[in-house]
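Structure first, commentary second.
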Amino acid sequence: MSASFSAMVWLVASFASSKMFSMTEVLSGTLAGLAAITPGSGYVGPQAAAAIGLIAGCLSFFSAKFLKRRGTDDVLDCFSLQAVPGIVGILCTALFCSEKFHGDVITGRWHLLGVQTLGCVVTIVLSASMTWILIRLADKLVGANIDVQTELEGLDMMEIGEVAYGIEKEDDPECLGTLLCGHAGKGELIEIKRFQRIHNRMDFTDYD
């Protein structure tokens, strides 16, 4: 239920912003809804699951768009599709939980909300601090970032020397044109400018 309503939110919101339907956006919304309902599984009913999906879908969608506008390198929208709906689900579990589905009498709903909030804060601090330490360590040892050309070629080829999937490369004119049309249709000017920087042999005077 939560996954369905979250997917619906992403579908409607993505169409409203880009005038296009995208299966990727629907799947992203589905994933966000699943992440949101996980903490409350077995504790909330169908109506509450639908509400959680709606809330998580809205917040995760706008989080993803906000981070992209800022140029944040959030690979696969992990923060927006996992952290944001996860926090929503944890907090909403305290608000919507019912002894009818769990079997135990739930007392002190606002106390439970405080406990859930504290758990979120502790998890965020622990995850952020450990992630920062591990990234710094990886950066010192092997490097945490790659250049744009390596990203375009793919880590399989650049790091291992093999290609896992027979997908056309961006230097194929037909494939490049398709990608550009897709980014242009969604208004993703940052991606279009990235293509301009990499493929400077092409005429990008009309990308606006």
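Scanning segment 20-67 for residues that are surrounded by fewer than 16 Cβ atoms within 10 Å (Cβ to Cβ), within 25 Å of residue 193 (Cβ to Cβ) and not hydrophobic (A, V, I, L, M, F, W, C) gives 24, 65. Listed by first and then second residue, the pairs with beta-carbon distance under 8 Å, at least 6 apart or on different chains, first residue in segment 50-61 and free of Cβ contacts under 8 Å to residues at least 40 places away in the same chain, second of a type outside the set (D, E, K, R) and buried (at least 20 other Cβ atoms within 10 Å of the Cβ), are 55/36; 55/88; 55/92; 59/84; 59/85; 59/88.
Okay, residues lined up against (1) modelled with pLDDT under 90; (2) in a helix (DSSP H, G or I); (3) assigned by TED's automatic domain parsing to the domain that holds residue 188:
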{"residue": "11", "(1), (2), (3)": "no, yes, no"}
{"residue": "20", "(1), (2), (3)": "yes, no, no"}
{"residue": "31", "(1), (2), (3)": "no, yes, no"}
{"residue": "49", "(1), (2), (3)": "no, yes, no"}
{"residue": "58", "(1), (2), (3)": "no, yes, no"}
{"residue": "63", "(1), (2), (3)": "no, yes, no"}
{"residue": "68", "(1), (2), (3)": "yes, yes, no"}
{"residue": "76", "(1), (2), (3)": "yes, yes, no"}
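The values are calculated or read from the model by the stated rules, or taken from the named source; none is laboratory data. A quick note: this is a predicted structure, and the numbers were derived from the prediction, not measured. Note that each Cβ is placed from the backbone with ideal geometry, even for glycine, and that neighbours are counted across all protein chains shown.
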